[in-house]
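A short worksheet on the structure shown next.
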Amino acid sequence: MNRPQTKLTQGIDWPIVGLYLALVIIGLMSIFAAEYRGDDNIWQNIIHLNKNYSRQLMWFGISIVVASVIWLTDSKFFTATANLVYAFGILLLLLVLGIGKDVKGSHSWLVLGGFQFQPAELTKLCTNLALAKYLSSQETDFNKLRSRLIAAAIALVPAGIIILQSETGLALVYFSFFLVMYREGLPGVLLVIAFSGIVLVLSALLVDKMILFIIFSVITALVIYFSRREIKRKRSRLLVILGIYGFCSLFVMFIVPFAFTKVLKDYQVRRIEVMLGKENDPKATYNTRQSMIAIGSGGFWGKGYLKGTQTRFDFVPEQSTDFIFCTIGEDFGFVGSVLFIAIYVALLFRIIHVAERQRSTFTRVYAYGVASIIFFHLAINISMTIGLAPVIGIPLPLVSYGGSSLLAFTMLIFIMLRLDADRQMVLR
Amino acid sequence: MSVFNQPRRRVIQLIILGMMSIIIVRLFFLQVVEKKYAKLADANAVLRKVVYPSRGIIYDRKGRAILSNDVLYDLVVTPRSVKNIDTAYMCTILKIDKEEFKKKIADCIKKNGPVRQTVFMSLLPAEVYGQLQESMYLFQPGFELIPRQIRSYPYGAGANILGYIAEISPTMLKDSNYASYNSGDYLGFTGLEKTYESVLMGQRGIQYLVKDNLNRPQGPYENGEFDSAAVAGKNLRLSLDIELQALGEKLMHGKIGSIVAIDPSDGGILAMVSGPSFDPNLLTGSYRSANFNRLYQDTTLPLFNRAIQAQYPPGSTFKPMIALVGLDEGVITPSTGYPCGGAYYGCGRPIKCEHHDAGHAANLRLALSHSCNSYFSHTYRLSVDAAKWGGIRVGGMQKWADYMNNFGFGHKIGVDIPSERPGRIPDKKYYDAKYKGSWNSCTNVFLGIGQGEVETTPLQMANAMCIVSNRGSFFIPHFVKSIDNDNTHLLDKYKERHVVAHISDTAYSAVIHGMTDVIESGTGRGAQIEGITMGGKTGTAENYAIVDGKRTKMPNHAQFVAFAPAENPKIAICVIVERSGFGAKYAAPIASLMIEKYLKDSISSNPRRQAILKTVLETVTIPEAMRAKSKLDSLNSTVIKKRP
């Protein structure tokens, strides 16, 4: 209650701010690299906002303003208005269904003046706040099935509406909240089973069987290694792990193909495949192929900043948005890519660290939500640029070109910083 | 609570690390292990652009450029950039209507897509280019004018010699000989353009450019480190005299036939005319394909180079060679005579002679100057029946054919333009096959007067005159005297003097005297030029054609061969005017005018010479029927559709 009036930046978590700035700046540089031509007049482009990098720079400015406003806001405001914000978010999503604009086949954009805005980006924040509010409330006993179902509903209602907007990719992001619920006590088995079920079916359809088999083997080996103490105590654990491993392999290599060729009807199979972007969509395979060429041609050390031929000359579609990682992969090579991923991992671990030091459940759930959302985006986005995941249009947090996305992630992070700065105040 | 949840934090961290490890392993595979992506990226992004050098220029013997390069402009369009232009105005300039404009744009898009430059209209005529250039700013950036080099023939002469270039055909592209060419390249198709393609083309440069996803060049690759510059083609210097050539083409206007003039001292060709000729500029630039079709289909066959491809019985112009063989065989001497009374009766059916006064063939000189048929029929039979060869069917015929082959007949001489025909010298095998062994010197006695199975090309006859005037030697006739900065061996074979059959000097003297008499007092008086001693021989080859399925006698081919000055020959010439009667009538004056022009640099203003010139220029010998179907008169001469 008695906030010390010493310093404006009192209590701010500088490592997170530093990592945030690093990622945004890398993003700006990558967008610039994707668009830059030798004879461009850079300053003129920036002033006229006629390039993606200049517009992204403007959005960065807006984001800083918004972040400052958030920083100056009392942290109680967020807890108090969480449900209201959530309701507003849902309303906005429904509004888009009604009066939204079609952009690239998805009906998820609002046009305000000269700017397009995608509310689905913002509702991640709303959902995260609402989930934190619900899980931290005194009445909630997360060991009860009812509470778990309500929590799941909070996460999945926006996802449902977003699917109706044909933005399946963004909708999938909401599944990342299950990671938060797991942290708050959802039985791990449920999470594992649900998650692996989806992953198994998808991967069986999209990835080569042998590659899958190798991946399973690696995971199994890792699991055995990390649970070696438990296995020592209880030999049957090993059998369970191996059993699961055997089941997964069988499932992927025989059951799914069998179901798809024998059980399901032809047109059903085709629908699923088209939805997954697998069948008869040469554009999707073209994207992945060009993206892999760009990243692969970077080699160990990369071609150097602005030297990439693939990313600079529009070979990779959606260069500034969903495939921005190609620029990093081509210009900075394997070394640069690993360092880049390391920055994200550092950010994620720092957020988890911040989450775990909270006395307030609200803040902890919220911080885990931020980590989960960023992680999900990161994993899917990079996987799709290197051919590990189907091309679903979700951006790389803070790096991809896109005002809504940058603003949404800025708000997510800075609300967390505000909450964290006030962690000593009260137990909420 | 907190304690209970501690491992869950670890699990979440493990999930993150696990996922990132999978990604990093995959990245390691993509970027470090697999090498193919770098290559794929280069294939994606590097454009190999051929830089065309300018083709070599061809100069005549006096250093005048007769085949050089000119620049015309292509109008190219980038369909997507065409915005807000005054289409109607552009259509007016281009002389097309709006429908055609739309269709052309649609074609361009179909061909190359909407973002790449495509030729909208190629090789604009000068007046269109002029207008368009003035108002180009109205049509940019969608439209651009791009310069393109084309060949140009400043004198508009020498079409069949110089040849033309054209785009490589799909069949040639599959041929390994043309491996260095790409589709769309131009190369020499005929004439010197073809023979000397390797030196004229120069060396193409290669520029590596980086391109974007739509194949649009974006700048040099690695700052041009791997580029190689284009080297211009080498220039050719010919022995051709372009003014002489142009005069020859003028003289042959309205006539079918040819003129070949050679410098006997080095075999350099001074002029080679195939009539009717055409302006070679017709085959460059804007109207090329239309003109080509008209030339190709014309009844007078202007694309057929009669000087090396037409084969005629040489007629009486063959008689000097008959005499030389007779003299060398020793069957006649310069003083041998023949009692001709108007015909040769040695073989039953008489062979008519134009003369019947006694003593017109009292010796070789007289016989040559009077062109006595009896004398040369007799000499021919003596040569082939000579006892030392065991008679005509044993060795005589073959020996005679060998002589003729030595004189350059019956095989390609090797001139440096393509498509030369060999002519024909019948030999023993030929007659054995044709008459199944029952033949003798009477069977082919007509060979003695240049008729029957023997056929020669005008080039071969001109070359034979070189041999006679040089007294037994010649150089392979050729056009190219030198190549600038030559490092090839293309010209070596033209530098070598060939000696023919070691016939004695006295034999040549006798024949040369006879031939000077032809001009002084014989059948070739019409070729006389004041102050120049000249040797010559007229000829009238009988011409038969199949008309309505019957062998019908047509007007004779007039021929004339000559060399001058007789004592120190500088020019040897052969003129053939098809279907114009006696050789003396048109062929001799044409040869005379050519020789005068070459030796004296101009035709004398003497009224008699000017009258001859006028008569020749005005004479049209192309048969009425052929002319009616020919489009050449409207194509050629004064109403030529000039290249802009």
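The values are calculated or read from the model by the stated rules, or taken from the named source; none is laboratory data. Since this is a predicted model, take the numbers as computed values, not measurements. Virtual Cβ from ideal backbone geometry, glycine too; neighbours counted across all protein chains shown.
Some points to look at:
- Considering A:LEU406, A:LEU398, the condition of being outside any helix (DSSP H, G or I), away from chain B (no Cβ under 14 Å), over 25 Å from A:LEU202 (Cβ atoms) and modelled with pLDDT of 90 or more is satisfied by A:LEU398 alone.
- Contacts under 7 angstrom Cβ, first residue in the range A:206-219 being under 17 Å from A:SER383 (Cβ atoms) and modelled with pLDDT of 80 or more, partner surrounded by fewer than 16 Cβ atoms within 10 Å (Cβ to Cβ) and among the hydroxyl-bearing types (Ser, Thr, Tyr), 6 or more apart: none
- The lone criterion from (1) more than 14 Å from chain A (Cβ to nearest Cβ); (2) part of a strand (DSSP E or B); (3) modelled with pLDDT under 90 left unmet by B:SER258 is number (3).
- Residues that are free of Cβ contacts under 8 Å to residues at least 40 places away in the same chain and of a type in the set (A, V, I, L, M) within the range A:144-166 comprise A:LEU145, A:LEU149, A:ILE150, A:ALA151, A:ALA152, A:ALA153, A:ALA155, A:LEU156, A:ALA159, A:ILE163, listed in sequence order.
- Residue selection: A:ALA371 satisfies the criterion of being facing chain B (nearest Cβ under 10 Å), of a type in the set (A, V, I, L, M), buried (at least 24 other Cβ atoms within 10 Å of the Cβ) and closer than 30 Å to A:SER203 by Cβ.
- Considering residues of the range A:179-192 that are in contact (Cβ under 8 Å) with a residue 60 or more places away in the chain and in a helix (DSSP H, G or I) only, the residue nearest to A:LEU129 (Cα to Cα): A:VAL180
- Here A:LEU28 qualifies as at pLDDT below 95, hydrophobic (A, V, I, L, M, F, W, C), crowded, with 16+ Cβ neighbours inside 10 Å and within 27 Å of the chain's Cα centre (by Cα).
- For the range B:307-320, the criterion of a residue being closer than 30 Å to B:LYS631 by Cβ, in the same structural domain as B:GLY423 (by TED's automatic domain parsing), modelled with pLDDT of 90 or more and surrounded by fewer than 20 Cβ atoms within 10 Å (Cβ to Cβ) is satisfied by at least one position.
- Considering A:MET416, A:MET411, the condition of being assigned to a helix (DSSP H, G or I), over 16 Å from the mean Cα position of the chain (by Cα) and away from every other protein chain (no Cβ under 14 Å) is satisfied by A:MET416 alone.
- Pick from the range A:10-55, criterion free of Cβ contacts under 8 Å to residues at least 24 places away in the same chain and outside any helix (DSSP H, G or I), ranking: nearest to the other protein chains (Cβ to nearest Cβ): A:GLY38
- The residue of the range A:125-167 that is farthest from A:SER372 (Cα to Cα), among those that are of a type in the set (S, T, N, Q) and part of a helix (DSSP H, G or I), is A:SER147.
- Beta carbons closer than 9 Å, at least 6 apart along the sequence or on distinct chains, never pair a first residue in the range A:223-243 that is outside the structural domain of A:SER196 (by TED's automatic domain parsing) and under 16 Å from A:VAL192 (Cα atoms) with a second that is in a helix (DSSP H, G or I) and not hydrophobic (A, V, I, L, M, F, W, C).
- In the range A:119-148, residue nearest to A:PHE88 (Cα to Cα) [restricted to those that are buried (at least 24 other Cβ atoms within 10 Å of the Cβ) and among the polar types (S, T, N, Q)]: A:THR123
- Checklist (1) surrounded by 15 or more Cβ atoms within 10 Å (Cβ to Cβ); (2) under 23 Å from the mean Cα position of the chain (by Cα); (3) modelled with pLDDT under 80 applied to B:LYS642, failing item: (1)
- When the range A:322-357 is filtered for residues that are of a type in the set (A, V, I, L, M, F, W, C), in contact (Cβ under 8 Å) with a residue 12 or more places away in the chain, more than 7 Å from chain B (Cβ to nearest Cβ) and in a helix (DSSP H, G or I), the ones remaining, listed by number, are A:PHE325, A:CYS326, A:ILE328, A:PHE332, A:VAL335, A:PHE340, A:ILE343, A:ALA346, A:LEU347, A:ILE351, A:VAL354, A:ALA355.
- Condition broken by B:ASN177, with the remaining ones in (1) outside any strand (DSSP E or B); (2) touching a residue at least 12 places away in the same chain (Cβ under 8 Å); (3) not aliphatic (A, V, I, L, M) satisfied: (2)
- Index of the failed condition, B:GLU453 passing every other in (1) charged (D, E, K, R); (2) in a helix (DSSP H, G or I); (3) touching a strand residue (DSSP E or B) at 6+ places or on another chain (Cβ under 8 Å): (2)
- First in the range B:27-41 and more than 7 Å from every other protein chain (Cβ to nearest Cβ), second anywhere and assigned to a helix (DSSP H, G or I) and of a type outside the set (Val, Ile, Thr), Cβ under 8 Å, 6 or more apart: B:LYS36/A:GLY296
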